[in-house]
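K.L.:
If you scroll down you'll find the structure; I have some questions about it.
Since every read-out is calculated from the coordinates, none of them should be taken as a lab result. Only a predicted model underlies this, so the values are computations on that prediction, with no experimental measurement involved. Cβ sites come from the backbone with ideal geometry, for glycine too, and all protein chains shown count toward neighbours.
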Amino acid sequence: MATVKMIARERKLATKYNSTKRDELRSVIKNKKSSPQEIMAAVFDLQKRPVDESPTRRTRRCGQCGRPRGVYRKFGLCRCCLRHFFTRMCLPGLVKSSW
């Protein structure tokens, strides 16, 4: 189970790294009307920014237990909690597959 300290640290980092500046730089790079000098300047500025700021590096955690792996986006739960709730029929609409 995830410690409260780890979850708090990830939330703190998420607020620290505001991705608006990163999004602006990426939009300059992808814009077809930008000049080559603007694009190169945006690329260099983007490389100087911290790597952990990238949205890809953020981990999703289970809303119930805080587990960082095996989390389903649709439910916001890890596979263990999903199975736990499914067996107790707390999640309507799920059907156990069999073939």
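K.L.:
Quick check: the angle from helix 4-16's long axis to the longest principal axis of the chain, C-alpha only, nearest 10 degrees?
P.N.:
Helix 4-16 and the main axis of the chain meet at about 30 degrees.
K.L.:
Right, another one. How high is the relative contact order of the chain? Use alpha-carbon pairs under 8 Å, at least six apart in sequence, and give a whole percent.
P.N.:
22 percent
K.L.:
In nm, to one decimal, how far is the Ile39 label point from the Leu13 one, both placed 7 Å along Cα→Cβ?
P.N.:
Modelled inter-label distance: 3.2 nm.
K.L.:
Follow-up question, since we're still on this one. Among the lysines, which fall within straight-line cross-link reach of Lys32, defined as a Cα-Cα distance under 24 Å, with same-chain neighbours fewer than 8 residues apart omitted?
P.N.:
Within reach: Lys21, Lys48.
K.L.:
Measure off 7 Å from each Cα along the Cα-to-Cβ vector at Arg83 and Lys30, then give the distance between these two points in nanometres to one decimal.
P.N.:
Taking the simple label geometry, Arg83 and Lys30 are separated by 3.8 nm.
K.L.:
Which of Val51, Thr20, Tyr72 sits farthest toward the positive end of the charge dipole of the chain, with +1 on the Cβ of Lys and Arg and -1 on the Cβ of Asp and Glu?
P.N.:
Checked the options; the winner is Tyr72.
K.L.:
In debye, nearest 20: dipole of the stretch 59-99 around its Cα centre with unit charges on the Cβ of K, R (+) and D, E (-)?
P.N.:
So the magnitude is around 160 debye.
K.L.:
What nm value, rounded to one decimal, do you get for the distance between Thr3 and Trp99 when each label is placed 7 Å out toward the C-beta?
P.N.:
With each label point 7 Å from Cα toward Cβ, the separation is 4.2 nm.
K.L.:
How large is the helix-only mean residue ellipticity at 222 nm for the chain, computed as the sum of -39500 (n - 2.57) over DSSP H runs with n ≥ 4, divided by its residue count, in deg cm²/dmol to the nearest 500?
P.N.:
Estimated from H runs of four or more residues: -14500 deg cm²/dmol.
K.L.:
Which of the following values of semi-axes √(5λ) of the Cα gyration tensor in Å was calculated from the structure shown: (i) 33, 15, 13; (ii) 39, 18, 9; (iii) 37, 19, 16?
P.N.:
For semi-axes √(5λ) of the Cα gyration tensor in Å, the calculated option is (ii).
K.L.:
Turning to a different aspect of this structure: Helix 20-30 versus the longest principal axis of the chain: what is the Cα-based angle in degrees, 0 to 90, to the nearest 10?
P.N.:
60 degrees
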